Structures are given as C-alpha cells and as structure tokens.
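To start, the structure itself, in structure tokens.
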Amino acid sequence: MLGFLRHRATAGGSAVPLLQGALQKVRTASLSLKSYSSAAKDMNVREALNAALDEEMAADPRVFLMGEEVGEYQGAYKVSKGLLQKYGPERVVDTPITEAGFTGIGIGAAFYGLKPVVEFMTFNFAMQAMDQLINSAAKTNYMSAGNIPASIVFRGPNGAAAGVGAQHSQCYASWYGSIPGLKVVAPYSSEDARGLLKAAIRDPAPVIFLENELLYGENFPVSAEVLDSSFSLPIGKAKIEREGKDVTITSFSKMVGFALKASEILAKEGISAEVINLRSIRPLDRHKINESVQKTNRLVTVEEGFPQNGVGAEICTSVVEESFGYLDAPVERIAGADVSLPYAANLERMALPQVEDIVRAAKRACYRSIPMAAAAN
Amino acid sequence: MDFPGGKVRFTSEMEFISGNSETRVPCFRVLDQYGRLLNNVDFEQVSEEAAVKIYANMVTLQMMDVILYEAQRQGRISFYLTSMGEEAINIASAAALSDDDVVLPQYREHGVLLWRGFTMQEFANQLMGNRFDYGKGRQMPIHYGSNKHNYVTISSPIATQLPQAVGIAYSLKMDKKNACAVTYIGDGGTSEGDFHAGLNFAAVTESPVLFICRNNGWAISTHISEQFRSDGVVVKGRAYGIPSIRVDGNDALAVYTAVKRAREIAIEKHTPILIEAMTYRVGHHSTSDDSTKYRPINEIEYWKTARNPVSKFRNWVESNGWWSDEAEAELRTRVRKQLLQAIQNAEKTEKPPLRELFADVYDVPPANLQDQEAELREAIKRHLEDYPSDVPV
C-alpha cells in the first residue's frame with residue numbers, strides 16, 4: 001500500500017523514489033559485476049517485465065493481464081505501462097479491490113483455456129486469495145485427473161521493500177514452495193525477469209512469479225540473444241552467477257545482489273565464493289546446488305524470509321541427503337529475523353540480512369571467523 | 001448534483017432506508033401445492049416428451065440418492081450427500097440450459113450431471129474411486145467432474161466456484177459463444193467472501209453468468225435465521241446491480257421458466273442474473289450428519305411428503321395424460337436394477353494403477369516424483385505380500 005501511495009507522489013516518471021541508502025547499496029552491487037556476455041544494452045527489471053508481457057500478449061491472444069491499477073494507472077509499479085493503450089480493456093483488466101475475487105476469476109478463465117497473468121500489488125495481499133491459489137489453482141489439475149489444468153501466472157512484488165512495515169514485507173517463497181502443483185520462480189536480473197516471465201506464461205502449470213520492488217529500477221546488461229522475442233529461461237534451473245571454489249552461497253531475488261557483494265569482500269580475504277542464483281524455488285535445482293557443494297564442501301544459504309521452515313532449511317536438507325560426505329563444515333543459514341518486520345529504519349536494517357551477515361557466515365563456514373575465546377578477552 | 005458515479009437527487013428528509021422492506025420479495029410459481037397449473041401464469045411450455053424426461057430424471061435422482069445413501073450406511077462407499085427435496089432445482093434448471101453452458105456446481109447438484117447424460121455407472125465409478133473414475137480416485141465421493149458434459153469438477157471449499165464462474169463467463173463472452181456460465185450455491189455459501197467478490201465482479205465485467213442459489217433453509221445445522229438477516233438471498237442481487245428473481249424451487253415448471261429466460265437475457269445482454277430458488281433440504285447435510293439432532297422430525301416429514309417436488313410434478317404430468325402408475329412402476333424397477341448393477345460393477349472393478357498417484361501434479365512428472373515412484377515400485381517388489389491386491393501396480 002505504501003509503495004502505491006509513494007507512486008502517486010511521483011511526477012509521472014518511470015523511476016520509483018526509493019530511500020537513498022537502499023538505492024545506493026543496490027546500485028553499487030550491480031555496477032561492480034563483470035558483464036555476463038557481450039552486453040548489447042542496459043535494461044532495468046521493470047522494462048524487462050514490460051517487454052516480456054508485451055511480447056507474450058502479442059504472440060498469444062489468450063494471454064491477458066488482470067489486477068489492481070494495471071490498466072489506466074499503467075501499473076502500481078508501472079510494470080504494465082502502455083499495455084492498456086496497446087491491447088485495450090478486454091486484455092488489460094482493472095479489477096475491483098478483491099484479491100479473492102480476481103484470483104478466482106483468473107482461475108476460472110484459465111479453466112476455460114485462457115492464459116491470465118494476475119498481478120498482486122504485493123504478495124502480502126495475495127494472502128486474501130490463498131484458498132483460490134492453493135485449493136483451486138495448485139490442486140485442480142491433480143484432483144480433476146488432468147481434465148482441468150490451469151495455465152496461469154500470479155506475479156507481483158514479494159519480500160521487503162524499504163520502510164513499508166510488517167504487512168507489506170513478508171517473503172512468501174517458502175510458503176508457495178512447499179505446494180505440489182505450483183511452480184515458483186524468483187528472478188534477480190533483467191535477463192531472469194524476462195526469460196522466466198516468458199517461460200511462466202507459456203507453462204501449463206500455475207506459476208507464482210515473485211518479483212522485488214527494489215529490483216524494478218535496477219539496471220542489468222542484456223545480450224542480443226536475451227532480447228530476442230523467443231528467448232526464455234527453463235523453470236527449475238539455477239544459475240551460477242559467480243564461480244568459486246571455497247564456499248557455496250545460495251540466494252534468490254534481491255539477495256543475489258547481496259551475495260555477489262559479499263563475494264567481492266570475501267575475495268579480498270582469500271575466500272573464493274561460488275554464488276548460486278536459484279531462479280526457481282519450486283522445482284528447486286537440487287542437482288546444481290549439490291554439484292556446487294560437492295566442489296566447495298561448504299554451504300551458506302541466504303534468504304530474506306523468516307528462518308523457520310524456510311527455503312534455506314530445504315536446501316540444507318537436500319545437501320545433507322545427497323552430499324553429506326562432502327561437507328567440511330555445518331551448513332550456515334542466513335535469513336530474516338524471526339520477528340514481524342519493524343518499520344523504523346535502524347530496526348528494519350537489523351531484521352533483514354545484510355552483506356556483512358553473509359560475509360561472516362561464509363567465514364564461519366571456512367573456519368576463518370574470530371574464535372569465541374579470543375572474542376571474550 | 002454530480003458525484004463520482006453519477007447524478008443523485010437531494011432530499012431534506014433525514015430517513016434511514018429500512019434494513020428490510022415491509023413486504024418480502026414474492027416467489028414466482030406456476031403450479032400450486034398439488035401440482036395444478038395456476039391461472040394466468042406466464043411460463044415456458046414443455047412438450048410431453050420434455051415433461052416426461054424431466055419427471056423421469058427427477059425420479060431417477062431421488063432413487064439414486066436413496067440407494068447410494070444406503071450404500072454408504074452399509075459401508076460400501078465412504079461418504080455420500082443427497083439432493084433430496086431439491087430434485088426440481090436440479091433437473092428443471094439443467095433442462096433449461098444448453099449443453100454448451102458451463103456448469104460450476106457447489107456439491108448438491110448431481111442431478112444436473114444426470115440430466116446431461118452421466119450414467120449410473122459413471123456415478124458409481126467415482127463413488128468407488130475405481131480405475132474408470134474420471135477423477136482417477138483422487139477425490140472424495142460425490143466430487144464429480146466431466147469435461148465432456150461441461151460440468152466443472154467439484155471443489156470442496158464453499159463458494160470458490162462463484163468468481164471462477166465469472167472468469168469462465170468472461171471468457172465465453174470474449175469468444176462470442178452462445179453460452180453462459182451457470183453456478184450453484186446454497187444459502188450458507190452466500191456468507192462467504194467469494195459470494196461478494198463473484199457477484200460484484202460479474203456485474204462490473206458484464207459477464208453472462210447465472211448464479212442459482214438453492215435456499216434450502218439449512219447450512220448443516222445453521223438455520224437461515226442465523227445465516228443472514230436480509231430477506232433471503234434475492235435482495236442481495238440489487239446490492240450489486242444484478243437482476244434477480246425468487247422462485248419456488250419445488251416447482252419444476254417455475255424453475256424451468258426462470259432459468260430458461262435468465263439464460264437468454266444473460267447471453268444477449270451480457271449480464272449476470274441471480275436466481276434464488278426456495279426449497280427445503282429434506283436429507284441430512286451428508287452421511288456425516290444426523291439432522292434430527294437440530295431440527296424436528298415432523299418438519300422433515302412435512303417437506304418430504306406434503307411439499308415433495310417430485311410428486312407435485314408427477315401430478316401435473318399425469319393430469320395431462322402423459323404418465324401412469326404402470327409407467328411409474330416400470331421406471332422405478334428399471335432404475336433400481338440399473339443402479340444396483342452399476343454399484344456391483346463398480347465395486348468389483350479394480351482401483352486406479354499406482355502411476356496415478358504421481359501423475360497430474362504437473363503436466364509432466366518432475367524428477368523427484370519419478371524417483372519416488374521408482375523407490376515405491378522397488379519397495380513393493382520386495383514386500384509384495386503387504387501390498388493391497390485390488391490396486392494394480
């Protein structure tokens with residue numbers, strides 16, 4: 001809600017006003033990255049999502065967009081900018097304020113054979129539609145024995161933004177990630193956003209597409225191959241963002257940027273970190289994770305959400321099941337604090353993972369942290 | 001003066017609109033309590049053939065419910081839910097629709113599926129969860145679904161089908177089909193948030209959907225006086241800008257007329273319509289309920305006999321010379337035999353094979369499920385004596 005209100009104050013431009021500090025931190029992370037491939041141009045995540053939606057809507061007349069403020073307002077975060085003008089109100093539908101309602105309607109349309117893209121202003125509000133999402137979208141293909149599939153995408157910002165409080169900041173990756181019948185993806189870069197959204201729209205299963213408000217304005221280089229309209233990324237495959245040999249750091253969404261920043265700091269101290277961008281929460285790319293841990297022998301999982309029953313817990317179990325003999329140290333888990341996220345900037349900072357938390361965890365896994373006895377002196 | 005939303009007249013009277021009007025919304029009926037045609041009624045004529053088909057289906061539905069309820073009591077199926085007392089709503093509404101109209105039921109509308117041609121055997125297969133069940137044994141009994149009959153698989157959570165019906169109706173409109181979505185709900189279901197969301201959305205999106213509310217007086221043990229304080233459900237349509245009507249749900253001709261005309265209006269004018277069909281839930285909520293615990297037995301008996309929709313319609317059909325005692329006896333004997341045979345066949349049929357445990361979670365089974373299936377098959381090979389004999393591997 002606050003994000004939306006902040007939008008009203010903007011002078012109609014595409015930039016979202018963010019707290020200066022957060023913006024600086026995120027920008028620095030991206031600028032310090034080496035380019036992935038021959039970069040054709042820079043593109044921010046918002047533009048990547050917008051173009052992907054546009055291209056998929058043009059390619060398949062069954063695809064349509066639905067949500068609060070997606071039409072006339074050009075999207076609460078401007079992700080659907082220009083789409084109403086281009087495709088008209090039948091394909092870009094502004095909905096009344098009822099998540100349970102428009103989720104159910106989208107699912108009904110998907111049962112019929114259309115391909116809706118349902119936008120939640122944030123996944124925090126999607127909780128009001130939880131029954132439709134789980135009992136109707138996720139389970140129906142199975143319960144109808146394949147007779148009623150629902151090819152539908154649910155997308156929107158997930159996790160913390162900056163100073164929006166507990167009811168606007170929860171990360172839902174582990175909740176949706178535990179449900180058979182759903183696919184759950186969390187893009188980080190513009191290439192991720194573009195490729196995964198195209199794949200999600202084309203996928204016959206219901207897909208939960210977890211974006212991040214703070215990443216919308218962040219720029220990433222994209223190659224010509226990525227810009228092609230047929231480009232898509234496979235769901236269920238993680239990406240090695242940075243190769244390393246001493247410790248594996250798994251992350252998704254905004255935390256990938258933090259993990260990469262941490263790896264720069266660790267490199268200066270002689271620790272070579274391998275950063276995995278999960279891209280997909282369900283199916284989880286257990287193979288790539290385990291392959292990496294079997295190489296590095298150490299694991300740090302990073303997520304923004306609550307620690308108990310989180311994504312890191314599942315990754316840890318997968319590694320214990322398949323690569324126990326390869327581990328040289330206990331698995332380190334970095335997650336948000338086990339409290340509702342506070343609003344005050346200093347408290348919020350302490351309740352969310354920061355780059356230094358990841359650095360310390362990696363050092364602990366490498367037995368390089370300060371011994372307890374020495375610290376006690 | 002103007003406000004957002006249009007012009008409104010001013011008034012100097014400070015007066016609250018009463019929560020309930022002095023007179024309740026009247027109830028449309030064609031037949032009187034004894035099945036005699038009332039005078040000067042505007043209703044949809046039915047031919048002899050159609051009338052006999054409607055009546056025969058009502059009897060079949062009634063017999064199905066009695067016999068299958070007993071089957072549960074005998075331990076042959078795990079659960080059952082009857083539509084006793086609501087045969088007219090089930091069959092007459094179905095008769096008024098076209099086969100292209102997509103039906104999203106709550107769970108007390110198996111008569112609609114019966115009308116559309118679902119056979120006794122198909123019903124029995126689902127109840128037994130055997131390998132011919134279209135649901136592959138995935139669902140509880142009575143959760144029927146059939147793509148070819150345009151009957152969307154039943155989903156237990158109440159009222160979720162209402163916004164989904166709007167989504168389907170919207171899609172039919174986009175496709176310019178001569179068809180609408182038809183969705184059913186009980187009186188209790190109208191308390192759910194999805195009822196509000198569905199009706200509001202249907203109106204805003206101008207979708208051709210019929211909302212048929214079976215107001216049968218009871219939501220398990222909750223009487224309607226504890227469910228809402230409005231004049232039933234029909235008045236709620238106006239709150240959303242939806243045309244609505246109250247009909248005698250126990251009068252097959254009234255239900256037939258209302259649904260047939262509602263359907264035409266919905267498709268032609270792209271509008272939802274709310275139909276409140278007044279009736280009584282003669283049976284218990286389900287086999288898990290004993291309604292004598294919360295309502296008087298003589299009340300149940302009264303509605304079962306004096307207000308029975310099946311016998312009422314029979315009177316009208318017979319008064320036209322289209323039915324007889326002989327026809328009745330022949331029908332009942334035939335249906336009973338068919339039903340018992342279907343149950344026996346279904347019981348003897350083996351259960352769905354093991355691979356159906358892992359299929360349809362996604363379009364293609366993911367790696368982890370393929371692994372689990374392989375592990376399970378291994379375990380079965382090693383311990384075949386522990387594995388049930390009526391489940392094919």
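The values are calculated or read from the model by the stated rules, or taken from the named source; none is laboratory data. Just so we're clear, the structure is a prediction, and the values are computed from it rather than from any experiment. Reconstructed Cβ throughout: ideal geometry from the backbone, glycine too, with neighbour counts over all protein chains shown.
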| request: For B:A94, indicate whether it is without any contact (Cβ under 8 Å) to a residue 40 or more places away in the chain, surrounded by 13 or more Cβ atoms within 10 Å (Cβ to Cβ) and either in contact with a strand residue (DSSP E or B) (Cβ under 6 Å, 6 or more places away or on another chain) or assigned by the TED database to the domain that holds B:V247 (or both). | output: yes
| remark: Within segment B:284-299, the count of residues that are exposed (fewer than 15 other Cβ atoms within 10 Å of the Cβ) and of a type in the set (S, T, N, Q) comes to 3
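Results for (1) more than 27 Å from B:D251 (Cα to Cα); (2) surrounded by fewer than 21 Cβ atoms within 10 Å (Cβ to Cβ); (3) without any contact (Cβ under 8 Å) to a residue 60 or more places away in the chain; (4) in the same structural domain as B:A124 (by the TED database), shown as yes or no for each residue.
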position: B:S146; (1), (2), (3), (4): yes, yes, yes, yes
position: B:V166; (1), (2), (3), (4): yes, no, no, yes
position: B:Y170; (1), (2), (3), (4): yes, no, yes, yes
position: B:G189; (1), (2), (3), (4): no, no, no, yes
position: B:P208; (1), (2), (3), (4): no, no, no, yes
position: B:N215; (1), (2), (3), (4): no, no, no, yes
position: B:S221; (1), (2), (3), (4): no, yes, no, yes
| message | Could you tell me how many of the residues in segment A:175-212 are assigned to a loop (DSSP other than H, G, I, E, B) and not hydroxyl-bearing (S, T, Y)? | response | 11
| note | Residue pairs within 7 Å by beta carbon, gap of at least six or interchain, first lying in segment B:325-347 and among the basic types (K, R), second surrounded by 16 or more Cβ atoms within 10 Å (Cβ to Cβ), listed first then second, are B:R332/B:V59; B:R332/B:M63; B:R336/B:M63
| What number of residues within segment A:43-68 are outside any helix (DSSP H, G or I) and either closer than 29 Å to A:G108 by Cα or modelled with pLDDT under 95 (or both)? | 9
| note | Counting only residues in segment B:68-90 that are closer than 23 Å to B:A252 by Cα and not polar (S, T, N, Q), the one surrounded by the most Cβ atoms within 10 Å (Cβ to Cβ) is identified as B:I89
| Sole exception among (1) in a helix (DSSP H, G or I); (2) within 27 Å of B:Q74 (Cβ to Cβ) for B:K351, by number | (1)
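Matching residues to (1) touching a residue at least 40 places away in the same chain (Cβ under 8 Å); (2) more than 22 Å from the chain's Cα centre (by Cα):
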| residue | (1), (2) |
| --- | --- |
| A:P96 | no, yes |
| A:A110 | yes, yes |
| A:A137 | yes, no |
| A:S144 | no, yes |
| A:I152 | yes, no |
| A:P157 | yes, no |
| A:A161 | yes, no |
| query | Are any of the residues in segment B:22-32 surrounded by 10 or more Cβ atoms within 10 Å (Cβ to Cβ), modelled with pLDDT under 95 and touching a helix residue (DSSP H, G or I) at 6+ places or on another chain (Cβ under 8 Å)? | reply | no
| said: Exactly one condition in (1) of a type outside the set (A, V, I, L, M, F, W, C); (2) outside the structural domain of A:A138 (by TED's automatic domain parsing); (3) surrounded by fewer than 20 Cβ atoms within 10 Å (Cβ to Cβ); (4) over 21 Å from A:A173 (Cβ atoms) is false for A:K288; which is it? | reply: (4)
| Does A:L347 meet the test of being at pLDDT below 95 and either assigned to a helix (DSSP H, G or I) or among the small types (G, A, S) (or both)? | yes
| query | Within segment B:173-187, can you find the residues that are buried (at least 24 other Cβ atoms within 10 Å of the Cβ) and either among the hydrophobic types (A, V, I, L, M, F, W, C) or modelled with pLDDT under 95 (or both)? | reply | B:C180, B:A181, B:V182, B:I185
| Which of the residues spanning segment B:285-312 are assigned to a loop (DSSP other than H, G, I, E, B), under 11 Å from B:S221 (Cα atoms) and free of Cβ contacts under 8 Å to residues at least 12 places away in the same chain? | B:D290
| field | Counted residues, segment B:55-80 - those being under 19 Å from B:F123 (Cα atoms) and assigned to a helix (DSSP H, G or I) | value | 18
| task | Could you list all residues from segment B:95-131 that are polar (S, T, N, Q), within 14 Å of chain A (Cβ to nearest Cβ) and over 17 Å from the mean Cα position of the chain (by Cα)? | result | B:N125, B:N130
| message | Condition (residue is exposed (fewer than 14 other Cβ atoms within 10 Å of the Cβ) and either in contact with a Phe, Trp or Tyr (Cβ under 9 Å, 6 or more places away or on another chain) or farther than 28 Å from A:P204 by Cα (or both)) applied to segment B:350-366: is it met by at least one residue? | response | yes
| request: Kindly establish whether A:G310 is over 16 Å from A:S189 (Cβ atoms), away from chain B (no Cβ under 14 Å), among the small types (G, A, S) and crowded, with 19+ Cβ neighbours inside 10 Å. | output: yes
| field | Criterion violated by A:V293 - all others in (1) more than 14 Å from chain B (Cβ to nearest Cβ); (2) assigned to a helix (DSSP H, G or I); (3) surrounded by fewer than 24 Cβ atoms within 10 Å (Cβ to Cβ) satisfied | value | (3)
| Looking at segment A:251-285, which of the residues that are within 14 Å of another protein chain (Cβ to nearest Cβ) and part of a strand (DSSP E or B) is surrounded by the fewest Cβ atoms within 10 Å (Cβ to Cβ)? | A:R282
| message | Could you tell me how many of the residues in segment A:291-323 are of a type in the set (G, A, S), more than 18 Å from A:A173 (Cβ to Cβ) and touching a strand residue (DSSP E or B) at 6+ places or on another chain (Cβ under 7 Å)? | response | 1
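Residues checked against (1) of a type in the set (S, T, Y); (2) more than 7 Å from every other protein chain (Cβ to nearest Cβ); (3) in contact with a Phe, Trp or Tyr (Cβ under 7 Å, 6 or more places away or on another chain):
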site: B:D133; (1), (2), (3): no, yes, no
site: B:G137; (1), (2), (3): no, yes, no
site: B:T153; (1), (2), (3): yes, no, no
site: B:Q161; (1), (2), (3): no, yes, no
site: B:V182; (1), (2), (3): no, yes, no
site: B:E192; (1), (2), (3): no, yes, no
site: B:A197; (1), (2), (3): no, no, no
site: B:S207; (1), (2), (3): yes, yes, yes
| Among the residues of segment A:67-90, is there at least one that is within 8 Å of chain B (Cβ to nearest Cβ), in contact (Cβ under 8 Å) with a residue 12 or more places away in the chain and out of contact with any Cys (no Cβ under 9 Å at 6 or more places or on another chain)? | yes
| said: On the basis of being within 13 Å of A:R46 (Cα to Cα) and under 12 Å from the mean Cα position of the chain (by Cα), does A:A186 make the cut? | reply: no
| request: Considering every residue within segment A:115-126, establish whether at least one is more than 18 Å from A:E211 (Cα to Cα) and in contact (Cβ under 8 Å) with a residue 60 or more places away in the chain. | output: yes
